[in-house]
Structure formats: structure tokens, C-alpha cells
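Values in this text are rule-based calculations from the coordinates and carry no lab data. All figures in this text were calculated on a predicted structure; none of them were measured in a lab. Glycine gets a Cβ as well: all are built from the backbone with ideal geometry, and neighbour counts include every protein chain shown.
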Protein chains: 2
Amino acid sequence: MTFQPYLEAISTQIQHTAYGEEPTELYEPIRYIMSLGGKRLRPLLTVLSANLFIDDWQKALKPAIAVEVFHNFTLMHDDIMDCAPLRRGKPTVHEKWNANTAILSGDVMLVNAYELLLDVAPAQLPRVIKRFNRTAAEVCEGQQLDMNFETRTDVSQEEYIGMIRLKTSVLLGFAMELGGIIAGADEATTQLLYDAGVNMGLGFQLKDDLLDVYGDPEKFGKQVGGDIIANKKTFMLIEALLLAEGKTKEALNYWLSLEQGSYDTAAKVAAVTDIYTQLGLDKIAQTLADAYFAKGFEALENLPIAPERKRPIMEFAAFLVGRES
Amino acid sequence: MTFQPYLEAISTQIQHTAYGEEPTELYEPIRYIMSLGGKRLRPLLTVLSANLFIDDWQKALKPAIAVEVFHNFTLMHDDIMDCAPLRRGKPTVHEKWNANTAILSGDVMLVNAYELLLDVAPAQLPRVIKRFNRTAAEVCEGQQLDMNFETRTDVSQEEYIGMIRLKTSVLLGFAMELGGIIAGADEATTQLLYDAGVNMGLGFQLKDDLLDVYGDPEKFGKQVGGDIIANKKTFMLIEALLLAEGKTKEALNYWLSLEQGSYDTAAKVAAVTDIYTQLGLDKIAQTLADAYFAKGFEALENLPIAPERKRPIMEFAAFLVGRES
């Protein structure tokens, strides 16, 4: 199974989307961030979900792009908040232009997302907008919680899972639900799609946290150890803060306490990775990620559709489980 | 005629709107900015416009609040971009909290606006969202142009009118159009409402530029001369840059060139006001504002409705023409 036909259609649709023209300062950053690529997971989930029920999955393309535009809007604004210099290896919008441009272009991107959603059948629009609004608000809530966690040292695993559910997973859930709605699936079925997306999203984010530490630098797209250098409150760090005792705890706190620029980053990455491994966090995180992926598969299996029809989305889910980048 | 019953209903609706609860860092700034007051012109225009056709104008209340929430979202983000310390005499959101909070709370406010629009009849939703999207994008375009103009000295009157049309007027136009759509008016009629709102919006903004210079400090809510101190490219300054010659031009450029904090602000306000008056800009701006107001009235007069039914909105338009604050 290859996802090439879907991905090509998504790519073409992104290139042909009219985000706006004048003033160029407003619209150029949108074309820029949308051209940086990425895995296009979310629109792929939308068209694959639609394709579960209808052959004409192209019907879901424009709304699928709405999800990708929304996702990139959140990246543009999150990058300002996180003072991130790079996105997919290229300068972030607020670096290439400035923060004001990134704020305002992001705002228009959110409007663009709603415009693309208008492509659904008029009768479906109230439901689609309602669900999208809920999802969009939740993604913002997740970002706020993520920022709140930065200054806390007592974040529980439960709180962390709650945060990544909002920040990352609900949008994957919505992406799948949207495909189902467009294809005319009933509410019980679109709920299963949503559950599948949310659970795979949780597995996906936990895997991301894992890959940041244990990923193969040759395959992983980002800098391995980036989260460790930034003291980012990932699942790994939160668990380590809960589990570490004695000298291990002292060592962890020592590395966390160092001011940026005052230490050898490679040494910190090596030392903290070592602590994680000693604490068995690689296995704990993998087990938890697998449990969420299993829940996602269960939801897919429960879909009232012939198994051969499910093959593409099942294979895509398997790809997410096994990904190394 | 008093607008008290409408304004009270708008105020109550704003207080009872559920913007969201957790995390409080995200939603508290929304309640804060919405509680700062303001004239509530936009929701008033929506309910007055609905009331042209139906007695049950309360039907338009929630969508009317959508317009006010959207307006306050733009204020929250614009204040970050403009580094404004105060809004309606109170600290701006990015001052009271921080820029990240103002970015993210603003984002959720935009989502909230779409949620409130869902209150329209399902059959009207595609048209309402389409028109709102267009308006929202145009307001962002206007803000971008406004920022672009800051660093230019060759802005023409035409460009300035184009900018305030986008930044301010189209939202007043949409506010009125929305009331008409909700009340079931046909497209030709809602177009007249839109034209009325846009033209009154242009008159309104030009009047705002005038009041900033010539307003009565006892009545005008903001600091008289605030635009002069900030070198803001208002209609007055743009016209002055075009019309001033010789010594007057030298004097104007001198006051514009001074670094903030290095001069007596009262002296600058007095001197620049004097230049504006010498150039006859008070009369030029008033004449132009009056011309737009007249166009607005003309559109209202052309509405195919009994004159007595038009009385409230006509009186409100007259209030906008005569306002001193």
C-alpha cells in the first residue's frame, strides 16, 4: 500500500489554494509555511477516513486542507510563543518576517481554515463548524496548559496526557471524524473515527517524545535531544521527575538547573538520556504509546465496514506505530 | 428615541456568553476585554438592522455578540502589534498578562465568534460564514496596511480611505448585513444594509480622526492629540503631508522627526493642530465625513421599508454623525 495518490492530491490542493493576495506581507507567510512540507498526516487522515465509505475521496480534499491550514496556523502562533527559530529546518515566520506579521498572518490562516470548510455540503456545515470550533478551542487550551507546565515541576502523568490530548490528539480525531461526516457516516461511526484519531494521536505524541530521545539522528527529522536541551516537559521528563530518587534525582536536577549556553549540550543529552534509560522510561513510554495505538486500532476494527475497505487506513495506522521520523 | 432596551439586552447577552472555563489563563482575558465596555456599536447595528424587518430582534442577539467578540479579538491582537499600554483606560491584555496570553486568548476569541454565529438558522449558515470570512480577512488586511503605512510618508488619501474601509468599515457593513440576513431580508436589501454600514463606517472613522484633534477633552473618551503625539497616519496627517508647503511643511516635518520623550507633548499637539487648522483640514475632513454619512443615509432611505420602521436606525445614524465622544 502506498499513500502516494492521496498525498499528491493533497499537495496539489495545497498549492492551488487561494489564501489571499494583497497586501503581500499578510499572505506571503501563509504560502511560506504551507510550502515547508511536513507529513500531511491530518489531511491524509481526513481523505483516508472519507475513503472508508466512498470511492470519491477527492470530495474531502478541500476540508482536509482546512485541517492542515489550521494545524499550520497553530504552528505559526506557537512558534512565536515558544521563541522557536526554526520550523522544519527553515526560519519560522516571526524570524523571517517579525512577530506582528506572524500574529496577523496566523489570524488570517484561521479564517482561511473556516473558508475551506465551507466546501462541505450545506446540510453538514452546522455540525462541521460546531465540531471544528470545539476542536480549535481545545487545541488552544492544550497550548496554554503546555505553557503553564513550563514553570511547574509537579506535573502528573495524567495532566500531561490531558494536555497532549488537547494540544495534539483531538485534531487528529477531528481530521478523521470530518472525513466520515463528509462521506455521510452516521454519528456512532464518526464517533469511532474520532476515538481512533484521538488514541492514535496520543500514541503518536508519546512516540514523538520517545524519538526525541532515542531516535536515529539519520532518520529523525529534528535534532535528537532537542527536548532535553530545552528542558521541555515531555512524558519522559515528567516521569523522570516522578521516579528519580537519591543521586539520580540530584543529577537530573543539576542538568535541569543549568543556564542555557553555560554547558556542553551533548553532555547534557547523553547524561539525561542515561537517566531516562536507567529509570526504564524507554520501555514505560513505549508500552503506553502501544496501549493507545491498540485502542486506536480497536476503534478502527469496530467500524461497521468490510475489512478490505479498511486496509489503507489500517496500514496508515501501522505506519504511524512504526515510524522512526 | 433611546437605544437603552437594545443596549441592555446586548450587555446581558455579553455577560451570559460562555467563552470557556479552563485553563483560566486562556479564558479570563476574554471576559476581561469584553467587560471593558465600549459603545457596542456593532451589535447595536445588527439588532437595529434585524428590527427593520422583524419585531423579534432578540433573535439576532447571539450573532450580534459574535461581531462584538470578533471586534474585541482584533483589538486584543492589534494592541500587541501597536504596543498599546491602555485600552478604554485600562491595561491591555498583553500588559496585564503577557503577549503570549494575548495571542492565544485572541485566537480562542475568534473561534468563539464563529461559535456564536452558529445561532443563525442552519439554512443561513453558509451565507453568514462566507460573508463573515470575507469580512474577517479584510479587517486583517486593513490592519496590515495600517502597519505598512507607518513607515511610509507618501500614503495617498485614496490609499488611506481604502485602508480604513478594510480595517473599520466593512465590519460595520457586515454587522448590518447580518441583521438583515437573520431577519430574512433578500440579497438586494442586505446589500443596501452593507453599503449603509460601510459608508457610515468611513464617516465614523474620519470623524474619529477629527475628534482626536478637535474633540472636547471633557467629552472625548481618549486623550485629545493622541494620534498627533504618536505620529499616527490619520486622514489629518496624510492630508497635511500632501498639502503643506514651505515653512509649514518644515514645521510639520520638525515635529514629526522628534524622538518620543524628547519634547513637550502639549506643545507638539498645539503646533500640529495649528498647522491642520491653517491648512483647513478640519473643514476638509468634516466635509468628507459628511459625504460618507450622506451616502450611508441614502442607502438607508432606499431600503424598501416603511419610514416609521426605519426611525430607530435613522436616529442611530444621526447619533453617529453628531457624536462628540
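Look at the range B:250-268: where a residue is hydroxyl-bearing (Ser, Thr, Tyr) and a partner is surrounded by 13 or more Cβ atoms within 10 Å (Cβ to Cβ), sitting 6+ places away or on another chain with Cβ atoms under 6 Å, you get B:Thr265/B:Ile229.
Is it true that A:Lys130 is at the interface with chain B (Cβ under 8 Å from one of its Cβ atoms), surrounded by fewer than 17 Cβ atoms within 10 Å (Cβ to Cβ) and either out of contact with any His (no Cβ under 6 Å at 6 or more places or on another chain) or within 29 Å of A:Ile228 (Cα to Cα) (or both)? Yes.
Report yes if B:His94 is buried (at least 21 other Cβ atoms within 10 Å of the Cβ) and either more than 9 Å from every other protein chain (Cβ to nearest Cβ) or without any contact (Cβ under 8 Å) to a residue 12 or more places away in the chain (or both), otherwise no.
Criteria met by B:His94.
On inspection, B:Gly226 qualifies as touching a residue at least 12 places away in the same chain (Cβ under 8 Å), small (Gly, Ala, Ser) and closer than 23 Å to B:Leu258 by Cα.
Report yes if some residue within the range B:304-323 is more than 19 Å from B:Asn51 (Cα to Cα), among the basic types (Lys, Arg) and part of a loop (DSSP other than H, G, I, E, B); otherwise report no. First the steps, then the outcome.
Our first condition is that a residue be more than 19 Å from B:Asn51 (Cα to Cα); within the range B:304-323, this holds for B:321-323.
Right, trim to among the basic types (Lys, Arg) and you get B:323.
Still in the list and also part of a loop (DSSP other than H, G, I, E, B): B:323.
Yes, the range B:304-323 has at least one match.
Would you confirm whether or not the range A:64-75 contains a residue that is within 11 Å of chain B (Cβ to nearest Cβ), surrounded by fewer than 24 Cβ atoms within 10 Å (Cβ to Cβ), farther than 22 Å from B:Thr135 by Cα and touching a helix residue (DSSP H, G or I) at 6+ places or on another chain (Cβ under 8 Å)? Taking every residue of the range A:64-75 in turn, none turns out to be within 11 Å of chain B (Cβ to nearest Cβ), surrounded by fewer than 24 Cβ atoms within 10 Å (Cβ to Cβ), farther than 22 Å from B:Thr135 by Cα and touching a helix residue (DSSP H, G or I) at 6+ places or on another chain (Cβ under 8 Å). The residue of the range A:141-171 that is farthest from A:Gln191 (Cα to Cα), among those that are within 9 Å of chain B (Cβ to nearest Cβ) and touching a residue at least 12 places away in the same chain (Cβ under 8 Å), is A:Met147. Within the set B:Leu202, B:Leu210, B:Leu206, the sole residue that is in contact with a Ser or Thr (Cβ under 6 Å, 6 or more places away or on another chain) and not in a loop (DSSP other than H, G, I, E, B) turns out to be B:Leu202. Scanning the range A:286-296 for residues that are closer than 24 Å to A:Thr189 by Cβ and buried (at least 18 other Cβ atoms within 10 Å of the Cβ) yields A:Tyr292, A:Phe293, A:Gly296. Tell me, which residue of the range B:289-317 that is of a type in the set (A, V, I, L, M, F, W, C) and over 23 Å from the mean Cα position of the chain (by Cα) is nearest to B:Ser169 (Cα to Cα)? Here the residue is B:Leu303.
Would you say A:Tyr114 is part of a helix (DSSP H, G or I), surrounded by 22 or more Cβ atoms within 10 Å (Cβ to Cβ), aromatic (Phe, Trp, Tyr) and within 13 Å of chain B (Cβ to nearest Cβ)? Spell out the reasoning first.
Details: part of a helix (DSSP H, G or I): yes; surrounded by 22 or more Cβ atoms within 10 Å (Cβ to Cβ): yes; aromatic (Phe, Trp, Tyr): yes; within 13 Å of chain B (Cβ to nearest Cβ): yes.
Spelling it out, A:Tyr114 is indeed part of a helix (DSSP H, G or I), surrounded by 22 or more Cβ atoms within 10 Å (Cβ to Cβ), aromatic (Phe, Trp, Tyr) and within 13 Å of chain B (Cβ to nearest Cβ).
In the range B:19-30, the residues that are surrounded by 21 or more Cβ atoms within 10 Å (Cβ to Cβ) form Cβ pairs under 7 Å with partners that are not in a helix (DSSP H, G or I), at six or more places apart or across chains, as follows: B:Leu26/B:Gly20; B:Tyr27/B:Tyr19; B:Tyr27/B:Gly20; B:Tyr27/B:Glu21; B:Pro29/B:Trp97; B:Ile30/B:Tyr19. B:Asp119 passes every criterion in (1) more than 20 Å from the chain's Cα centre (by Cα); (2) in a helix (DSSP H, G or I) apart from (2).
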